[in-house]
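Trainee: Before we start, here is the structure in question, set down as structure tokens.
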Amino acid sequence: MSSSPRRRSWRALLLSAVLALCPALAQAQTGTLRGTVSGGDGDAVRAAQVTVSGTRLSATTDDQGAFTLTGVPAGPHRIRASRGGYIASTQDVTIRSGEETLVAIRLEPSPVELDGVVVSASRQAERITDAPASITRIGPEVLENAVGNTFAGALREVQGLDYIQVGMTSVAINARGFNSSFNNRMLMMEDGRVSVLPENGLPVGQFTPTPKVDLAGIEVLVGPGSALYGADASSGVISLTTKDPRAFPGTTVEITGGNRNYKDVQLRHAGVVGNFGYKVAGEWQEADDWNNYLAYTNSGVRLREDSLKLPIDWDARVTRGTAALVYYAGDSRFEVTGGASQTDGVGQTNVGRNQLKDWGYNFFQAKFSSPHWYATAYRSQSTSGESFALNRFAAAQSVAANASLTADSLRLLSDWPSDGRMIAAEVQGNYRVPAFLNTAVVGGVQYRRDIVSSHRQWLTDRLTGEDVDNRQVGLYAQTTTPVSSRFDVILAARLDDHESYDRQFSPKAGLVYKPADGQSLRVTYNRAFKSPTILQTHFHIPDWTAVVSIFGNTEGFTVKNPDGTTFATYDPLVPEENQTWELGYKGILNGRLFLDVVGYYSRFENFLSPLVTIADPLGLGLVRPAGERTFAFDGAGQEIKNPAGLSPLVLTYYNLGRATLYGTDVGVNYVWNRHFNLKGTVSLMELKDVEVPENRVEATALNSPVAKWTLGAAVHDIGAFHGGATLRHVTGYQFRSGINAGKIPTFNTLDVNVGYRLPRWRSSINVGVSNLFTCRSNDPTIPDEGAECGFGVKHTEMINMPAIGSMLYVGVKVDTQ
């Protein structure tokens with residue numbers, strides 16, 4: 001599609017601004033910063049991170065606590081040193097061109113890092129209290145004390161995040177409402193690469209190749225992130241960073257067992273030889289998941305999933321692993337990394353559930369970083385293996401003509417083979433412009449190409465004979481201008497050029513006021529968008545079942561009544577839009593209390609719906625009242641017929657409506673003393689001013705709790721013991737996404753963990769129990785049981801998925817790092 005003159009003007013303006021600033025980079029004068037980091041007792045602090053605020057300049061201390069930063073722009077700077085287990089320290093220095101500046105930094109012990117360094121909010125290193133967004137950092141000290149499972153369990157207490165436990169090993173994540181059974185509004189990043197499944201746009205999540213023992217940290221950005229990340233960051237960003245071999249050498253082995261036959265083995269080994277670093281990490285995990293069985297209707301025949309010729313395999317299994325080789329050259333770093341995973345289990349869709357069998361995901365990445373430049377290129381691939389759709393299997397089994405077919409033949413009638421490949425690259429630069437109030441500039445360009453094959457079965461490649469091939473380019477830049485010692489002005493913009501849609505412009509603006517060191521008050525505006533996925537545009541399977549056809553929406557549809565009058569029209573899909581204004585405060589009070597409060601106002605337009613029935617020629621009451629029939633016509637005006645020549649139920653995706661969302665997120669962390677801290681979160685939301693065409697309300701369903709909170713406490717280093725407890729509350733809410741409709745009851749859960757270190761053996765024993773004690777209101781999905789409180793009580797967190805109970809993990813870890 002052609003772009004409007006206004007959008008072309010914005011692109012030209014953005015390009016001109018970036019190019020105009022480039023000469024300043026070449027003219028900038030630089031110096032060297034060299035120093036040491038020590039603890040309160042004077043001992044060297046290894047693996048501390050030293051950063052120069054407002055830049056990507058960072059270094060990690062060696063075994064003697066020493067670090068060196070070259071290429072630091074001349075002029076005044078604030079440097080910061082941090083490491084888990086210590087209070088971060090800042091210091092002002094002045095760098096002189098061509099000279100070396102020496103500095104000594106001392107860190108005081110602390111059980112909790114209140115003001116860590118993050119990069120997700122501005123694509124450059126900055127303090128959490130300075131970041132112009134709601135962001136939570138989960139450091140290695142938290143991940144190392146977690147027992148079993150993947151990284152997802154650490155997200156349970158993140159401010160503003162919906163944490164939805166789907167099974168023993170499976171978790172769904174959302175932020176600020178409008179969740180669905182196939183939610184792709186949260187972007188997942190791993191070591192700077194976009195981690196999504198190309199065929200459906202979902203985050204990689206449980207399919208990640210990265211074992212938890214190789215994670216150095218997680219950053220969670222809640223709220224629109226399109227200005228710096230593009231289409232997939234409409235509601236936020238989850239960014240995973242793995243451990244560097246030089247900062248985390250040694251061997252780690254973790255073995256965990258638990259209830260429901262849970263077993264998990266993780267291994268990591270890393271080292272440095274000369275200028276080269278290397279690491280390998282792997283994991284094998286298995287559990288007997290909870291189960292329930294749905295019933296599907298096909299041509300009047302109801303068939304339960306527990307009557308299938310091929311029984312559901314409720315065992316959740318995954319094997320994953322990665323390897324990396326790193327070359328260090330002063331402050332520069334070049335890395336090649338690869339990894340793969342294979343997963344089995346049960347996954348939910350908008351029209352039923354999938355049996356995942358041998359689902360594969362793999363990647364290969366090359367990455368270069370220096371103080372001022374970052375570049376990466378990578379390829380990822382997801383394959384469906386022998387996975388199949390349970391509802392389609394049930395429908396095929398219910399057809400009389402298929403009565404003699406074997407279970408494996410019915411599976412082949414129900415599979416959805418896929419091969420989704422992503423080829424992507426990014427180049428980013430950062431620098432300061434001394435002549436313009438020492439403005440910090442970060443900018444870059446991203447390229448992405450998605451190539452997806454359904455083996456000519458369920459995407460439009462069955463029509464064209466060619467793989468679906470989408471390309472997009474994104475150009476972004478952000479400036480942070482310290483107009484005074486108290487005020488920063490932040491301006492950012494991104495232009496995305498997608499070959500299937502109009503260009504999307506995502507501006508961002510903010511004003512940050514710093515009344516004192518470690519405190520900030522901010523006002524920001526963001527425009528975010530969500531592009532339709534390949535699934536939403538290229539789905540094409542006219543014979544999903546004998547009476548159901550599913551299509552993507554690139555040309556639009558018309559739905560008519562039997563007399564030929566128009567019942568509804570559906571335009572081709574366009575990107576969904578989200579405009580958000582935020583007012584927030586972040587600060588550390590008295591060196592002990594961290595407080596993060598944000599209020600937001602969001603205006604949504606052109607919601608992208610889940611898969612929805614738009615035509616019901618059988619009069620089943622899916623579109624109009626029971627007995628009233630409707631028929632679908634394609635964009636060319638031809639009535640849609642299935643291969644048997646019948647008018648089918650037609651399912652597709654569409655845009656609709658507007659809505660306004662108000663909300664507040666609060667996070668608190670109070671360090672009582674070096675052994676004890678309290679923390680909590682509160683989130684409130686209200687959906688107002690919903691405007692949708694008649695009979696089209698599903699995509700604007702909030703599908704999230706209007707109130708949720710957590711309250712936790714943690715103890716640290718009481719002798720060899722550490723531990724904690726977290727109480728989580730979720731207010732009940734209505735959920736509707738495709739066939740998954742109902743109420744998720746109010747529930748409260750208590751999680752506890754305790755650990756004991758054995759320094760002599762460089763090991764530890766950790767015990768964790770999720771949902772140890774649960775209170776739930778009346779749950780219609782649990783037969784013959786009403787509201788209940790107690791140990792091991794089950795509760796539901798997702799419609800049409802099993803109720804879950806207590807999860808016990810006991811792990812032993814040996815760590816030579």
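The values are calculated or read from the model by the stated rules, or taken from the named source; none is laboratory data. These figures come from a predicted structure and were not determined experimentally. Counting neighbours? That spans all protein chains shown, and the Cβs are built from the backbone with ideal geometry, glycine included. Just so you know, the surface numbers come from the protein's heavy atoms only, side chains and all, with ligands and any DNA or RNA stripped out. Shrake-Rupley method; radii C 1.70, N 1.55, O 1.52, S 1.80 Å.
Trainee: Whether any residue in the stretch 252-274 is closer than 30 Å to residue 698 by Cα and in contact with a helix residue (DSSP H, G or I) (Cβ under 7 Å, 6 or more places away or on another chain) is what I want to check.
Mentor: no
Trainee: What number goes with the only condition from (1) under 28 Å from the mean Cα position of the chain (by Cα); (2) among the hydroxyl-bearing types (Ser, Thr, Tyr); (3) farther than 22 Å from residue 675 by Cβ that residue 777 does not pass?
Mentor: Residue 777 satisfies all of (1) under 28 Å from the mean Cα position of the chain (by Cα); (2) among the hydroxyl-bearing types (Ser, Thr, Tyr); (3) farther than 22 Å from residue 675 by Cβ except (1).
Trainee: Would you mind stating whether residue 184 is surrounded by fewer than 21 Cβ atoms within 10 Å (Cβ to Cβ) and closer than 24 Å to residue 740 by Cα?
Mentor: no
Trainee: Would you list the strands (runs of 3 or more DSSP E) that sit entirely within the stretch 259-307 and hold 2 or more residues that are open to solvent by less than 40 Å² (accessible area, probe 1.4 Å) and either over 30 Å from residue 244 (Cα atoms) or not basic (Lys, Arg) (or both)?
Mentor: Those strands (runs of 3 or more DSSP E) span 262-273, 276-288, 295-298.
Trainee: Residue 227 versus (1) open to solvent by 10 Å² or more (accessible area, probe 1.4 Å); (2) farther than 23 Å from residue 678 by Cβ; (3) outside any loop (DSSP other than H, G, I, E, B): which is the lone unmet condition?
Mentor: (1)
Trainee: Within the stretch 624-642, restricting attention to residues that are farther than 16 Å from residue 555 by Cα and touching a Phe, Trp or Tyr at 6+ places or on another chain (Cβ under 8 Å), which residue is least open to solvent (accessible area, probe 1.4 Å)?
Mentor: Residue satisfying both the conditions and the ranking: 630.
Trainee: Sticking with this structure for a sec: Which residues, counting only those in the stretch 534-575, are part of a loop (DSSP other than H, G, I, E, B), farther than 18 Å from residue 656 by Cβ and of a type in the set (D, E, K, R)?
Mentor: Passing the criteria: only 563.
Trainee: Could I ask something else about it? Any residue at all in the stretch 784-792 that's in a strand (DSSP E or B) and crowded, with 17+ Cβ neighbours inside 10 Å?
Mentor: Among the residues of the stretch 784-792, not one is in a strand (DSSP E or B) and crowded, with 17+ Cβ neighbours inside 10 Å, which makes the answer no.
Trainee: A further question follows. Looking at the stretch 1-88, what strands (runs of 3 or more DSSP E) fall wholly within it and have at least 2 residues that are modelled with pLDDT of 80 or more and under 17 Å from residue 437 (Cα atoms)? Full working, then the answer.
Mentor: Details: elements: 30-39, 49-52, 58-60, 66-73, 75-82.
By residue number, 66-73, 75-82.
Every residue, every condition in (1) under 20 Å from residue 290 (Cβ atoms); (2) touching a strand residue (DSSP E or B) at 6+ places or on another chain (Cβ under 7 Å); (3) surrounded by 20 or more Cβ atoms within 10 Å (Cβ to Cβ), yes or no:
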site	(1), (2), (3)
314	yes, yes, no
328	no, yes, no
333	no, yes, no
341	no, yes, yes
355	yes, yes, yes
361	no, yes, yes
386	no, yes, no
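Trainee: On to the next question. Restricting attention to the stretch 795-817, and to residues there that are buried (at least 20 other Cβ atoms within 10 Å of the Cβ) and charged (D, E, K, R), which single residue is farthest from residue 46 (Cα to Cα)?
Mentor: Looking at residues that are buried (at least 20 other Cβ atoms within 10 Å of the Cβ) and charged (D, E, K, R), I get 797.
Trainee: Turning to a different aspect of this structure: Among the residues that make up the stretch 388-405, is at least one of them part of a strand (DSSP E or B) and either on the phi < 0 side of the Ramachandran plot or open to solvent by 30 Å² or more (accessible area, probe 1.4 Å) (or both)?
Mentor: Looking through the stretch 388-405, at least one residue is part of a strand (DSSP E or B) and either on the phi < 0 side of the Ramachandran plot or open to solvent by 30 Å² or more (accessible area, probe 1.4 Å) (or both).
Trainee: Quick one: in the stretch 511-527, which of the residues that are in a strand (DSSP E or B) and over 24 Å from the mean Cα position of the chain (by Cα) is modelled with the lowest pLDDT?
Mentor: Filtering first and then ranking leaves 519.
Trainee: In addition: Looking at the stretch 433-444, which of the residues that are in contact with a Leu (Cβ under 9 Å, 6 or more places away or on another chain) and surrounded by 18 or more Cβ atoms within 10 Å (Cβ to Cβ) is nearest to residue 363 (Cα to Cα)?
Mentor: 444
Trainee: Identify the residue in the stretch 657-715 that is over 22 Å from residue 729 (Cβ atoms) and of a type in the set (Lys, Arg) and, among all such residues, is surrounded by the most Cβ atoms within 10 Å (Cβ to Cβ). Talk me through it step by step, then tell me what you get.
Mentor: Let us first name the residues in the stretch 657-715 that are over 22 Å from residue 729 (Cβ atoms), namely 657-660, 671-676, 688-700, 715.
If we keep only those that are of a type in the set (Lys, Arg) as well, we get 658, 674, 688, 696.
Working: 658: 15, 674: 15, 688: 8, 696: 18.
Here the answer is 696.
Trainee: So which residues in the stretch 743-760 are touching a strand residue (DSSP E or B) at 6+ places or on another chain (Cβ under 7 Å) and either open to solvent by less than 20 Å² (accessible area, probe 1.4 Å) or charged (D, E, K, R) (or both), if there are any at all?
Mentor: Matches in the stretch 743-760: 743, 744, 745, 747, 749, 751, 755, 757.
Trainee: With 141, 157 as the choices, which residue is on the phi < 0 side of the Ramachandran plot, modelled with pLDDT of 75 or more and in contact with a Lys or Arg (Cβ under 8 Å, 6 or more places away or on another chain)?
Mentor: 157
Trainee: Let me ask something additional. Being among the hydrophobic types (A, V, I, L, M, F, W, C), open to solvent by less than 10 Å² (accessible area, probe 1.4 Å) and closer than 29 Å to residue 315 by Cβ narrows it down to one of 166, 196, 220, 237, so name that one.
Mentor: 196
Trainee: For residue 492, work out the one condition from (1) open to solvent by 50 Å² or more (accessible area, probe 1.4 Å); (2) more than 30 Å from residue 631 (Cβ to Cβ); (3) in a strand (DSSP E or B) it doesn't fulfil.
Mentor: So residue 492 meets the others, but not (1).
Trainee: Taking the stretch 247-269 as the search range and keeping residues that are touching a residue at least 60 places away in the same chain (Cβ under 8 Å) and among the aliphatic types (A, V, I, L, M), which one is farthest from residue 62 (Cα to Cα)? Write out each step before concluding.
Mentor: Keep residues of the stretch 247-269 that are touching a residue at least 60 places away in the same chain (Cβ under 8 Å), which gives 247-260, 262, 264.
Going one step further and asking which of them are among the aliphatic types (A, V, I, L, M), we end up with 247, 253, 255.
Numbers: 247: 8, 253: 24, 255: 29 Å.
Ranking the candidates gives 255 first.
Trainee: Which one is most open to solvent (accessible area, probe 1.4 Å) among residues in the stretch 498-529 that are charged (D, E, K, R) and in contact (Cβ under 8 Å) with a residue 40 or more places away in the chain?
Mentor: 517
Trainee: Can I ask one more? Select, from 427, 452, 433, the only residue that is of a type in the set (Val, Ile, Thr) and closer than 24 Å to residue 357 by Cβ.
Mentor: After ruling out the rest, the residue left standing is 452.
Trainee: Which of the residues belonging to the stretch 334-353 are in contact with a Ser or Thr (Cβ under 7 Å, 6 or more places away or on another chain) and either aromatic (Phe, Trp, Tyr) or modelled with pLDDT under 95 (or both)?
Mentor: Correct list: 348, 349, 350.
Trainee: Please verify whether residue 645 is without any contact (Cβ under 8 Å) to a residue 12 or more places away in the chain, open to solvent by 20 Å² or more (accessible area, probe 1.4 Å), of a type in the set (Gly, Ala, Ser) and assigned to a loop (DSSP other than H, G, I, E, B), treating the condition exactly as stated. Break it down into steps so the answer makes sense when it comes.
Mentor: Values: without any contact (Cβ under 8 Å) to a residue 12 or more places away in the chain: yes; open to solvent by 20 Å² or more (accessible area, probe 1.4 Å): yes; of a type in the set (Gly, Ala, Ser): yes; assigned to a loop (DSSP other than H, G, I, E, B): yes.
Judged against the criteria, residue 645 is a match.
Trainee: Just for the stretch 589-623: of the residues that are among the charged types (D, E, K, R) and surrounded by 17 or more Cβ atoms within 10 Å (Cβ to Cβ), which one is nearest to residue 659 (Cα to Cα)?
Mentor: Only one residue fits best here, namely 605.
Trainee: If you take the residues of the stretch 460-479 that are hydroxyl-bearing (Ser, Thr, Tyr) and part of a strand (DSSP E or B), which of them is nearest to residue 194 (Cα to Cα)?
Mentor: Once the filter is applied, the top-ranked residue is 476.
Trainee: Please find, among 365, 355, the residue that is in a strand (DSSP E or B) and within 21 Å of the chain's Cα centre (by Cα).
Mentor: 365
Trainee: Could you check, for the stretch 532-545, whether at least one of its residues is open to solvent by less than 10 Å² (accessible area, probe 1.4 Å) and in contact with a helix residue (DSSP H, G or I) (Cβ under 7 Å, 6 or more places away or on another chain)?
Mentor: no
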